[in-house]
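Below is one structure, written out as structure tokens, with a few remarks after it.
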Amino acid sequence: MPDWMRIENTDLRVHLDDSMPPPLTGEHANNTVVWVLAFAPILGTFLEGILAGLIYHGNEHLAESALEQHKFWFVTLALNIVLSYVDEKKLKEGGVKTDKFSGWWVCVVPVYLFQRAQALKHNLAYFIVWIVCFVLMISMPYQM
């Protein structure tokens, strides 16, 4: 409606509490980033292949050799850490208390995922998916 205004601009503002809203429960948390994170071992391996292709453009043998020697392992690691960090920040912005699973735990992705699931009372699905993807990626030889 055209004459509506924010409650802060009305006489009702005296009844507002200045503190943060109550934390969201796990059922209201946005899980988009955590599900991308769950598949990060596969996505990271794919990105490693793209990087190898760009660096060794025109020489598929060198690119495959670099991937077999895990020369670009840092790409998958960085992807996992960045996605963990982004997920934790989005949860915090949404009002979720992340004290139990934030901090340096975002660098140890499976621990982060497990603690996140426990703190938000989620099942361990995204934790299990990450473990399965990780095992698949380390057990399969790379093919370009």
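The values are calculated or read from the model by the stated rules, or taken from the named source; none is laboratory data. This is a predicted model, so every value here is computed, not measured. Counting neighbours? That spans all protein chains shown, and the Cβs are built from the backbone with ideal geometry, glycine included. Remember, those area values only see protein heavy atoms, side chains included, never the ligands or the DNA or RNA. Shrake-Rupley method; radii C 1.70, N 1.55, O 1.52, S 1.80 Å.
Data table
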{"read-out": "Candidates Val75, Val135, Val111, Val129, filtered to the one that is among the aliphatic types (A, V, I, L, M) and more than 13 Å from Ile42 (Cα to Cα)", "value": "Val111"}
{"read-out": "Odd one out for Gly103 among (1) within 20 Å of the chain's Cα centre (by Cα); (2) small (Gly, Ala, Ser); (3) open to solvent by less than 40 Å² (accessible area, probe 1.4 Å)", "value": "(3)"}
{"read-out": "Given (1) part of a helix (DSSP H, G or I); (2) touching a helix residue (DSSP H, G or I) at 6+ places or on another chain (Cβ under 7 Å); (3) under 15 Å from Ser84 (Cα atoms), number of the condition Lys100 does not satisfy", "value": "(1)"}
{"read-out": "Residue within region 135-142 that is assigned to a helix (DSSP H, G or I), open to solvent by 40 Å² or more (accessible area, probe 1.4 Å) and modelled with pLDDT of 90 or more present", "value": "yes"}
{"read-out": "Conditions (1) modelled with pLDDT of 80 or more; (2) open to solvent by 70 Å² or more (accessible area, probe 1.4 Å): number failed by Asp18", "value": "(1)"}
{"read-out": "Of all residues making up region 82-97, the number that are in a helix (DSSP H, G or I) and crowded, with 18+ Cβ neighbours inside 10 Å", "value": "5"}
{"read-out": "Pairs, first at negative phi in region 34-52, second buried (at least 19 other Cβ atoms within 10 Å of the Cβ) and acidic (Asp, Glu), C-beta under 8 Å, six or more apart", "value": "Val34/Asp87; Leu37/Asp87"}
{"read-out": "Checklist (1) open to solvent by less than 50 Å² (accessible area, probe 1.4 Å); (2) at pLDDT 85 or above; (3) outside any loop (DSSP other than H, G, I, E, B); (4) not charged (D, E, K, R) applied to His122, failing item", "value": "(3)"}
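Residue-by-condition table, conditions (1) surrounded by 15 or more Cβ atoms within 10 Å (Cβ to Cβ); (2) of a type in the set (Phe, Trp, Tyr); (3) at pLDDT 90 or above:
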| site | (1), (2), (3) |
| --- | --- |
| Pro2 | no, no, no |
| Val33 | yes, no, yes |
| Phe39 | yes, yes, yes |
| Gly44 | yes, no, yes |
| Glu48 | yes, no, yes |
| Tyr56 | yes, yes, yes |
